Amino acid sequence: MPRPRLALAPLLLLFTLPALAQSGPGPANPATVRIDSLIHDFHGQVAYFAKDLSTGETMEYHADEPVPTASVIKLGILYTALEQIRAGRAHFDDRLMLHHEDRVPGSGVLLFFDTPMTLTLKDALTLMIAVSDNSASNLVIDDLSLDTIDRRLTGPAPQGLALKNTWLYKKVYRPAQDPVPADQPQFGLGKTTAREMAGIMERFVTCNLGPAPTTPPANAAATPIPSDKDLCAAAIHMLKVQSDRDMIPRYLEKLDTTEGDSAIANKTGAVDHARVDVGAVYTNHGTILISAFTHDNADTSWTADNEAELLIAKLAKTIVDAWDPSS
């Protein structure tokens, strides 16, 4: 008996319009319909993952597709630094020396400072997050080691995060060292997925820094180790004072946040063909994680009205409005 033929038009519609993951039957979620439309009209590639920590509800699109990180990989560096501090192998007051040859271009302020100069590890981490300082980032990478960072991100649990697609490939504005991973030229500084990077942000928000070290460091008595609560508070403060507010915070933040920290803790990244932002939005309803990546973008302009930056801002506003209409 011949199989019934399927109508062509519904099949074309299925494969040409982006479909966002939704749980269970029922009418389409107005938020995902709105985001579908935004993504459909965008001139580039999009991946995102959002999670309402109060309910566990999620929204996502291509959330497990490997994407370029740009500077968002610095969240992985920050996580590793906190892990090393709680294990007693690093300390916020460790001294890092910046020499003239350590300065690299791009975002940040250390490029314009006289050298040599000394920073604490905490100062370097703050600059790495708050103004995405590339020179400070490289100092931290040298201090922790590239291998330590990648082992912490990809190593097996419980000591590692067991991430499958998140890697820091090299220092910023420095060539990758042999052996160069085969996909490094495609991703640049690092690669990740929207879901995996949201998971790193969630660890800061929920203060889940992993299991306690099995043995205390030899110098624990001489150098007190901050509690996990204090380490997480320091990280969240760095993320709340992050200076690039044109994506996730754009339509969500109050005009005047000078009285205290922002209600949004986030880290952005930008290269010519990619714009990304990963953040935690603290609302009256609860905390909402948003991890948004764009790449292969047609608009490579460096303005606040870059198409990708506007897309991520609208996407974030749509998600937060859906889960906290009072925002």
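Largest first, the three principal axis extents of the alpha carbons in segment 80-192 are 40, 34, 24 Å in whole numbers. Between Pro213, His285, Ala31, the Cα set farthest toward the positive side of the dipole of segment 29-323 (charges on each charged residue's Cβ, about the Cα centre) is that of Pro213. Straight-distance candidates among the lysines for linking to Lys164, with alpha-carbon spacing under 27 Å and chain neighbours fewer than 8 residues away dropped: Lys51, Lys74, Lys191, Lys267. The calculated P(r) of the chain, using every Cα pair and 10 Å bins from 0, goes 5, 25, 33, 23, 9, 3, 1, 0, 0 in percent. Partner aspartates and glutamates whose Cα lies under 17 Å from the Cα of Lys240, excluding those fewer than 8 positions away in the same chain, are identified as Asp123, Asp133, Glu202, Asp230, Glu253, Asp256, Glu259, Asp261, Asp277. Extension gain for Arg89-Phe112 works out to 5.2 nm (0.36 nm per residue, less the C-alpha to C-alpha distance).
Residue ranges 82-89, 186-193 sort as 186-193, 82-89 when ordered by packing (mean number of other C-beta atoms within 10 Å per residue, highest first).
Electrostatic tally near Ile73: other residues with Cβ closer than 12 Å to its Cβ, Lys and Arg +1, Asp and Glu -1, net +3. Sorting the segments 31-43, 271-283 by their mean number of nearby beta carbons within 10 angstrom, highest to lowest, gives 271-283, 31-43. With each label modelled as a point 7 angstrom along the Cα→C-beta vector, the Arg174-Tyr251 pair spans 4.1 nm. Please identify which residues in segment 87-110 have an amide N closer than 19 Å to a label point set 7 Å out from the Cα of Ala212, following the Cα→Cβ vector. Under 19 Å, as judged by backbone N against the label point of Ala212, lie 87-90 of segment 87-110. Were the residues from Asp272 through Ala28 laid out at 0.36 nm apart, the gain over their Cα-Cα distance would be 84.4 nm.
In this Cβ point-charge picture (+1 for Lys and Arg, -1 for Asp and Glu), the chain has a dipole of about 740 debye about its Cα centre.
One chain, two ends: Thr223 and Leu53. Fully extended at 0.36 nm per residue, the span grows by 57.7 nm beyond their Cα-Cα distance.
Note on segment 121-249: along the principal axes its Cα atoms extend 45, 35, 28 Å, ordered by decreasing extent. Treat segment 53-145 as a sphere of radius equal to its Kirkwood radius over Cα pairs and apply Stokes-Einstein at 4 °C in a medium of 1.567 mPa s; give the translational diffusion coefficient in µm²/s, rounded to a whole number. Estimated diffusion coefficient is 89 µm²/s. Given a Förster distance of 22 Å, report the FRET efficiency between Asn284 and Glu202 from their Cβ-Cβ distance, rounded to the nearest 0.05. Result of the calculation: an efficiency of 0.65.
Per-residue packing, averaged as other Cβ atoms within 10 Å, sorts the ranges 50-61, 308-319, 162-173, 67-78 into the order 67-78, 308-319, 162-173, 50-61, beginning with the highest.
Read the figures in this text as sums done on the coordinates, not as results from a lab. Quick caveat: nothing in here was measured; it's all calculated off a predicted structure. All Cβ positions, even for glycine, are placed from backbone atoms using ideal geometry, and neighbour counts span all protein chains on display.
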